[in-house]
1. As an exercise, use a Förster radius of 30 Å and the Cβ-Cβ distance of residue 2 and residue 52 to find the FRET efficiency, rounded to the nearest 0.05.
2. Average the reciprocal distances over every distinct pair of alpha-carbons in the chain, invert the result, and give the Kirkwood radius in Å.
3. Whose amide H sits under 5 Å from the amide H of residue 72, counting only residues 5 or more places off or on another chain, with H placed in the peptide plane?
4. Only bridges whose two residues both fall in the chain count here: according to DSSP, what percent of them are antiparallel, nearest 5?
5. For the chain, find the longest principal axis of its Cα atoms and tell me its angle to the long axis of helix 297-313, 0 to 90°, nearest 10.
6. Filter 25/104; 238/311; 390/438 down to the pairs with a C-alpha to C-alpha distance above 30 Å, please.
7. Under a cut-off of 19 Å between alpha-carbon atoms, report the aspartates and glutamates in cross-link reach of residue 2, not counting same-chain residues fewer than 8 places apart.
8. Non-local amide H neighbours of residue 194 (under 5 Å, H modeled in plane, Pro and chain starts lacking H): which ones?
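Each reported figure results from applying straightforward, stated rules to the coordinates on display, with no laboratory input. It should be emphasised that the depicted structure is a prediction, and the values quoted were computed from it without experimental measurement. A quick note on method: Cβ atoms are made from the backbone with ideal geometry, for glycine too, and the neighbour counts reach across all protein chains shown.
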Amino acid sequence: MKKVITYGTYDLFHNGHYNLLKRAKELGDYLIVGVTTEHYDEARGKVNVVDSLMTRIENVRSTGFADEIIVEDHVGQKIEDIQKYDVDIFTLGSDWVGTFDYLKQFCEVVYLERTPDVSSTQIRNNSFKIINLGIVGTGRIVPRFLSEVKYVSGVNVICTFNPEVKEDKFLKKRYVLDNYYESYDEFVDKVDAIYIASPNETHYEYAKKALDAGKHVLCEKPLCFKRDEAEELYVYAKENDLVLMEAIKTAYCPGFQQLMNVASSGVIGDVRDVEAAYTRLAEPNSRERTSNIYEGSFLEFGSYTLLPAIKLLGKEYKDIRFKTLYDDNGVDIYTKTELEYDNGMATSKNGLAVKSEGNLVISGTKGYILAPSPWWLTKHFEVHFEDPSKVDVYEPSFQGDGFRYEISEFVLKINGAGRNSYKYTAGEAVGMAEIIEKYMKHRKGD
Ligand code: CTP
């Protein structure tokens, strides 16, 4: 019996996929089809896949050509599969000519002629209108966003708004961004969605106005300084079928989701303590260290360090305490937050003028997870047990600086997929805003 194997994402199943599978089957007697997982696609930089793994598998199955369907989830798996299933022929479309010649030492490699003029990418772009995105603000974060947005198909940054900047020569030259609006209403009118990266205290008003105008909103953290404001925005967005997302990059990174899943899986038993630290020494004259009300270490990094606690222990804590060290100008340069739960606890440490180890440690009744810095762009974590010789190491893949995952999630949601995503829920975001409101009261000494 001649065994053939082929792999693909098979997103938005099309004619090209059908033809390929038909001819692959004709190459032998038994066809194995490997369908890629969402995580593996993300790791390969394919961040816009629309159909779920189950849908993609079902679509392959319904052709009737596959005798066996397997899931591909890691680099190097093709070699493993070829040996495991005793494969005679490996085949893929002609867009891959040469790429898989290294498999010739294990089996025959055949590149089949690709069906012209059809691809999942093309269908994704045609079936979903390109999203015209506007950016509020022209600060340091904007060039980073613009460098990453190009990895996500279906979105186009068309303009920026900053009441204080008529034109940004750098953004214009480097990113060919040449529409600068000074009127917010005019700006919002021109776009389908906005990314808010303006000073923290302006986020809520800008987000509210954009939602009122029927636009989708991706907003830098913190979205709001009050719990009720966050709830109001999320309820409004849901009722009006709009996407509202708080830009906490970590939440959307594939490695962080894996870390949360491992922590919730019972491997380390029940989670009892979550300790997270994120510090960065900022220049004394930087934005973060000069505006004493709406900046400072907690407002800069607290959303990252509280995220694992909120996800694993929830937002129903019994008590919360903040301790802050202030600079001479009143800016928060170091804050330690402690959360107390019925059967657990959490600590978050943030610093702008105090440096600490940037670890995430999740302690459970059977073991603990250690994710070293930069755990917030999760690339590595370890599971430890009582027996020190037993350590499980995870090396999730991570591309770029993390923005692309967040932007991709935003685009997917606008296109109607994953609206109920668990990555960072509206409830969690409202819980986060409640903590921020409590922190602001602590700052005032209430
Ligand atoms: N394929 C093909 N003809 C096409 C499109 C795809 O023969 N017009 C083949 C690919 O070469 C591959 C298989 O179908 O062997 C699965 O491809 P996949 O990457 O899932 O589909 P694409 O449409 O190429 O997806 P994308 O645009 O996301 O890269």
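1. Working: r = 32 Å, r/R0 = 1.06.
Plugging the Cβ-Cβ distance into 1/(1 + (r/R0)^6) gives 0.40.
2. Numbers: mean 1/r = 0.0417 Å⁻¹.
About 24.0 Å, per the Kirkwood formula over Cα pairs.
3. HN-HN under 5 Å from residue 72: 35, 36, 37.
4. On the way: 33 of 79 bridges.
Around 40 percent antiparallel, to the nearest 5.
5. 50 degrees
6. On the way: 25/104 19 Å; 238/311 21 Å; 390/438 41 Å.
Those over the limit are 390/438.
7. 26, 29, 67, 68, 80, 81, 86, 88, 108
8. Distant-sequence amide H within range of residue 194: 134, 216, 217, 218.
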